[in-house]
Amino acid sequence: MFTGLVETMGDLVEMVDDPPGKRLRIRSPLITGDAAIGDSICINGCCLTIVALDGDVADFEAGQETLSRTNLGKLVAGDRVNLERSLAVGSRMGGHYVSGHVDTLGELIERSEDPPWANLRFRIPAQYASQVASKGSIAIDGISLTVVDADEDSFSVALIPHTLAMTTLGFRKIGDAVNLETDILAKYVQRSLGLLSDDQIHDPNSKADG
């Protein structure tokens, strides 16, 4: 489990073919400083396991499913990625609960600079748009952000200078693909409502209404 508070950006040193997937070799002195093989790290919002350590470089294995459904499959050597270590029990919760299981890819469709801030709008597949609400939480490339407004197929966020400087959103361009994870609470609400009949939803005496 993660918070969506990115700790640092790492550099992709090498993307190695490792059939049926690939091995990502990422340099980050902060992350490797106290890391151990088997630790879970959130990389652009995707939870991967450290499989090898070599100085300040950590290796991760990603399967075809992960590479095809996230923007990790588009990475090349030299790219930067957002990194966060897993949440320790008892740690202060500053963002929101992020599982590291990417739901879908989004696309940056608008970017409006309002120095030193920036406003970004992302397209999201319609089947996930119902899980995004104004003032709700969403993880974009592993970054916990508050939604400004949302419609049937897109949403916007406002980025403070710190987020622009410390994460990959600072240099994202129109057309770039981003990993999206909607709020876990929204998923459960949608699932619960989907299992209820119309009569149960509108019947005040229904046990489903508590």
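Hey, among the residues in segment 81-93 that are assigned to a strand (DSSP E or B) and in contact with a Ser or Thr (Cβ under 6 Å, 6 or more places away or on another chain), which one's surrounded by the most Cβ atoms within 10 Å (Cβ to Cβ)?
Out of the qualifying residues, it is Asn82.
Would you please name the residue that is nearest to Val6 (Cα to Cα), looking only at residues in segment 17-47 that are part of a strand (DSSP E or B) and without any contact (Cβ under 8 Å) to a residue 40 or more places away in the chain?
Out of the qualifying residues, it is Arg27.
In segment 103-125, which residues are among the basic types (Lys, Arg) and within 12 Å of Lys173 (Cβ to Cβ)?
Arg111 - this is the single residue of segment 103-125 that is among the basic types (Lys, Arg) and within 12 Å of Lys173 (Cβ to Cβ).
Just give me the residues in segment 92-112 being of a type outside the set (D, E, K, R) and without any contact (Cβ under 8 Å) to a residue 24 or more places away in the chain, in sequence order.
Ser112
Residues are listed down the side, and each one gets a yes or a no for (1) at pLDDT below 95; (2) surrounded by fewer than 18 Cβ atoms within 10 Å (Cβ to Cβ):
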| residue | (1), (2) |
| --- | --- |
| Leu108 | no, no |
| Arg111 | no, yes |
| Phe122 | no, no |
| Ala126 | yes, yes |
| Gly142 | no, no |
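Scan segment 129-137 and tell me whether some residue there is touching a His at 6+ places or on another chain (Cβ under 8 Å) and either part of a strand (DSSP E or B) or more than 30 Å from Gly38 (Cα to Cα) (or both). I'd like the intermediate steps shown before the answer.
Within segment 129-137, the subset touching a His at 6+ places or on another chain (Cβ under 8 Å) is 137.
Subset that is either part of a strand (DSSP E or B) or more than 30 Å from Gly38 (Cα to Cα) (or both): 137.
Yes.
Output yes when any residue across segment 2-14 is in contact with a strand residue (DSSP E or B) (Cβ under 7 Å, 6 or more places away or on another chain), more than 20 Å from Val178 (Cα to Cα) and in a strand (DSSP E or B), and no when none is.
yes
Taking segment 144-170 on its own, how many of its residues are surrounded by fewer than 21 Cβ atoms within 10 Å (Cβ to Cβ), part of a loop (DSSP other than H, G, I, E, B) and in contact (Cβ under 8 Å) with a residue 24 or more places away in the chain?
Here the count works out to 3.
Quick check on this structure: which one of Val76, Val51, Val13 is at pLDDT 95 or above and in contact with a Lys or Arg (Cβ under 7 Å, 6 or more places away or on another chain)?
Values: Val76 fails: in contact with a Lys or Arg (Cβ under 7 Å, 6 or more places away or on another chain); Val51 fails: in contact with a Lys or Arg (Cβ under 7 Å, 6 or more places away or on another chain).
Exactly one of Val76, Val51, Val13 is at pLDDT 95 or above and in contact with a Lys or Arg (Cβ under 7 Å, 6 or more places away or on another chain), namely Val13.
Within segment 101-122, can one find any residue that is touching a Cys at 6+ places or on another chain (Cβ under 6 Å) and outside any strand (DSSP E or B)?
yes
Looking for something modelled with pLDDT of 95 or more and of a type in the set (D, E, K, R) - is there at least one such residue anywhere in segment 154-175?
yes
Go through segment 142-183 and give me each residue that's in contact with a strand residue (DSSP E or B) (Cβ under 9 Å, 6 or more places away or on another chain), among the small types (Gly, Ala, Ser) and within 26 Å of Leu30 (Cβ to Cβ). Spell out the reasoning first.
Here is the first cut: in segment 142-183, the ones in contact with a strand residue (DSSP E or B) (Cβ under 9 Å, 6 or more places away or on another chain) are 142-150, 153-161, 163-164, 166-183.
Right, trim to among the small types (Gly, Ala, Ser) and you get 142, 144, 150, 154, 156, 158, 170, 175, 177.
If the condition is that a residue be in contact with a strand residue (DSSP E or B) (Cβ under 9 Å, 6 or more places away or on another chain), among the small types (Gly, Ala, Ser) and within 26 Å of Leu30 (Cβ to Cβ), then Gly142, Ser144, Gly170, Ala177 are the ones that fit.
Output the number of residues of segment 21-72 satisfying the condition of being open to solvent by 10 Å² or more (accessible area, probe 1.4 Å) and aromatic (Phe, Trp, Tyr).
Counting residues in segment 21-72 that are open to solvent by 10 Å² or more (accessible area, probe 1.4 Å) and aromatic (Phe, Trp, Tyr) gives 0.
The values are calculated or read from the model by the stated rules, or taken from the named source; none is laboratory data. Because the structure is predicted, anything quoted here is derived from the model rather than measured. Using ideal geometry, Cβ is built from the backbone for each residue, glycine included, and neighbour counts are taken over all protein chains shown. These accessible areas exclude ligands, DNA and RNA; they are computed on the full protein's heavy atoms, side chains included. Shrake-Rupley method; radii C 1.70, N 1.55, O 1.52, S 1.80 Å.
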